[in-house]
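Report on the following structure.
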Amino acid sequence: MTPVTRQEVLGLYRKIFRIAKKWQSASGQIEETIKEKEYIKNEAKTLFRKNKNVTDPKVIKQCIEECEARIEIGLHYNIPYPRPIHLPPMGLAHKHGRTLRHQEKLRKISKPIYLKSHDEVS
């Protein structure tokens with residue numbers, strides 16, 4: 001990891017904890033605010049620790065982009081949890097064959113960047 005990338009990653013980590021410190025839930029309830037603050041902190045710790053040994057610059061760049069996207073979406077919608085998406089079901093595909101593999105590939109490609117690591121951790 002280059003020093004510039006390292007500083008960028010550490011800056012994102014600090015930014016997340018600053019956001020968690022100032023976080024207010026949309027409902028305004030104290031219990032919910034505390035729960036959401038803890039979720040933000042735990043999610044950041046889990047994902048940053050999971051990716052601490054990543055050395056491939058492309059993967060590091062993807063992780064940084066995912067982090068920035070999740071921060072922006074969380075601040076915009078005032079929810080710390082990843083926004084759910086709707087992908088059409090694969091009900092039209094046969095159980096075997098090229099169509100199923102093709103639909104699985106399309107579903108994987110169409111997954112938003114902010115959900116790439118969410119399924120791995122959850």
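The values are calculated or read from the model by the stated rules, or taken from the named source; none is laboratory data. Computed from a predicted model, the values in this text were never measured in an experiment. Heads up, the Cβs are rebuilt from the backbone with ideal geometry, glycines too, and the neighbour counts pull from every protein chain shown. For the accessible areas, the whole protein counts, side chains as well, though only heavy atoms, and no ligand, DNA or RNA atoms are used. Shrake-Rupley method; radii C 1.70, N 1.55, O 1.52, S 1.80 Å.
For segment 22-43, give me the residue count where each residue is assigned to a helix (DSSP H, G or I) and within 19 Å of the chain's Cα centre (by Cα). Can you show your working first?
Within segment 22-43, the subset assigned to a helix (DSSP H, G or I) is 22, 30-43.
Now drop any that are not within 19 Å of the chain's Cα centre (by Cα), which leaves 35-43.
Residues meeting the conditions: 9.
Checking residue 15 against (1) in contact (Cβ under 8 Å) with a residue 12 or more places away in the chain; (2) surrounded by fewer than 14 Cβ atoms within 10 Å (Cβ to Cβ); (3) farther than 13 Å from residue 80 by Cβ: exactly one of these is not met. Which one?
(2)
Out of (1) open to solvent by 100 Å² or more (accessible area, probe 1.4 Å); (2) at pLDDT 90 or above, the odd one out for residue 46 is which?
(1)
Could you please let me know if residue 83 is at pLDDT below 90, open to solvent by 30 Å² or more (accessible area, probe 1.4 Å), over 20 Å from the mean Cα position of the chain (by Cα) and not aliphatic (A, V, I, L, M)? Give the derivation first.
Values: at pLDDT below 90: yes; open to solvent by 30 Å² or more (accessible area, probe 1.4 Å): yes; over 20 Å from the mean Cα position of the chain (by Cα): no; not aliphatic (A, V, I, L, M): yes.
It is false that residue 83 is at pLDDT below 90, open to solvent by 30 Å² or more (accessible area, probe 1.4 Å), over 20 Å from the mean Cα position of the chain (by Cα) and not aliphatic (A, V, I, L, M).
Output the residues belonging to segment 63-80 that are over 14 Å from residue 23 (Cα atoms) and open to solvent by 60 Å² or more (accessible area, probe 1.4 Å).
65, 68
Let me confirm something: among 34, 60, which residue is open to solvent by 80 Å² or more (accessible area, probe 1.4 Å) and out of contact with any strand residue (DSSP E or B) (no Cβ under 8 Å at 6 or more places or on another chain)? Spell out the reasoning first.
Working: 60 fails: open to solvent by 80 Å² or more (accessible area, probe 1.4 Å).
It is 34.
Which condition from (1) modelled with pLDDT under 90; (2) at negative phi; (3) not acidic (Asp, Glu) is the one that residue 97 breaks?
So the condition that residue 97 fails would be (2).
From (1) closer than 27 Å to residue 2 by Cβ; (2) exposed (fewer than 14 other Cβ atoms within 10 Å of the Cβ); (3) at pLDDT below 90, pick out the condition that doesn't hold for residue 114.
(2)
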